[in-house]
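Notes follow once the structure below has been shown.
The values are calculated or read from the model by the stated rules, or taken from the named source; none is laboratory data. In this text, all values refer to a predicted model and were calculated from it rather than measured experimentally. Heads up, the Cβs are rebuilt from the backbone with ideal geometry, glycines too, and the neighbour counts pull from every protein chain shown. Ligands, DNA and RNA are stripped out before the accessible areas are found, and what is left, the full protein with its side chains, is counted by its heavy atoms. Shrake-Rupley method; radii C 1.70, N 1.55, O 1.52, S 1.80 Å.
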Amino acid sequence: IMAGLEFMRPGEPLERRIPFKHVYFTGIIRDKQGRKMSKSLGNSPDPLELIASYSADALRFGIMRSAPLGQDICFDEKNVELGRNFCTKLWNAARFRQMQSGTGLQPVQTEEEISAALLSSDDKWILLRLNTAIAEVSTALEEYRFSDATSTLYRFFWSEYCDWYIEASKAVLQGTDDKRKANTLAVIDFVLGHTLRLFHPFMPFITGMGFNADLPDNQGGKSIMFAVWPKPLDADELAHFGILPEDEQAANDKYKAVELGRGLKSTFNINKKVRFVLKPASELPAHEIEVLRIF
């Protein structure tokens, strides 16, 4: 700031010579003994070696996720390893979408290519969860809560998108209804395109590669740096898709039933496939039954 006041735009008013007005003080990264890292103590890892082992994106994401606002952190290489595993998960999810292109379908660019009539409860659920993630990440970035932003992205992408939605979508992708397949892929493209943009500030290299490698929403081959920041669907867009707040609860109840079934297997240490009998309060559509079978 002082250098800017001295050398930038001499002769102009003070407010025009201040180079920036927002300052973020990071916490101190300490070793496992709580000591400040320094060359003299020799307790600081070489970041170039970490990048060579795990990648720059993994180092960046792992450190940010482990650094709460205003607090010092003890460096643990396991956090960088977690970042690498997450990068792998993101890459594999993008590759999974690419492998579905054998149908000859083209990547979706906007939500206008999604048919509201063909949306399943799982599709509506992931769109609502994406809305929540966009709002939470945007607010966290505005308030400089970078750890909260990365935690939201981790929860949304790993737990909600990969563990639940992608698995549920296989009930359609492995079926014979081509129209429903196309619509499911359109939803996957829409969500994945938005997710890559949300991740870009934290993992610029892998998101840039995924965005530009004929993956969803690449806007004619432009760099992801030119892509607009995602916005949640507004009330009119949600109404256009016929998405209601209770749709999220309906899908949550279905996934809760799956978790209860898995819990029973774990409790009784059952390591083989078992037959579950589910008695719903009302008749389930055929698609919902297939989703439950997938899980």
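Annotations
- Leading residue by the ranking (least open to solvent (accessible area, probe 1.4 Å)) among those in the range 143-194 that are acidic (Asp, Glu), part of a helix (DSSP H, G or I) and without any contact (Cβ under 8 Å) to a residue 40 or more places away in the chain: Glu160
- Unique match (being surrounded by fewer than 12 Cβ atoms within 10 Å (Cβ to Cβ), among the basic types (Lys, Arg) and in contact (Cβ under 8 Å) with a residue 12 or more places away in the chain) among Lys39, Lys32: Lys32
- Qualifying residue in the range 195-212 (condition: open to solvent by less than 70 Å² (accessible area, probe 1.4 Å), closer than 18 Å to Trp125 by Cα and in contact (Cβ under 8 Å) with a residue 24 or more places away in the chain): yes
- Residue within the range 249-259 that is closer than 26 Å to Ala117 by Cα and of a type in the set (Lys, Arg) present: yes
- Considering the range 253-269, the residues that are of a type in the set (A, V, I, L, M) and open to solvent by 60 Å² or more (accessible area, probe 1.4 Å) include one that is farthest from Ser120 (Cα to Cα), namely Leu264.
- Matching entry among Ala58, Ala52 (being open to solvent by 70 Å² or more (accessible area, probe 1.4 Å), within 25 Å of the chain's Cα centre (by Cα) and among the aliphatic types (A, V, I, L, M)): Ala52
- From Pro232, Pro245, Pro216, residue being modelled with pLDDT of 85 or more and either open to solvent by 60 Å² or more (accessible area, probe 1.4 Å) or closer than 26 Å to Leu118 by Cα (or both): Pro232
- Residue list for the range 89-118, filter: open to solvent by 80 Å² or more (accessible area, probe 1.4 Å), modelled with pLDDT of 85 or more and among the aliphatic types (A, V, I, L, M): Ala117
- Residue match in the range 65-78 (condition: part of a helix (DSSP H, G or I), without any contact (Cβ under 8 Å) to a residue 12 or more places away in the chain, out of contact with any helix residue (DSSP H, G or I) (no Cβ under 7 Å at 6 or more places or on another chain) and on the phi < 0 side of the Ramachandran plot): yes
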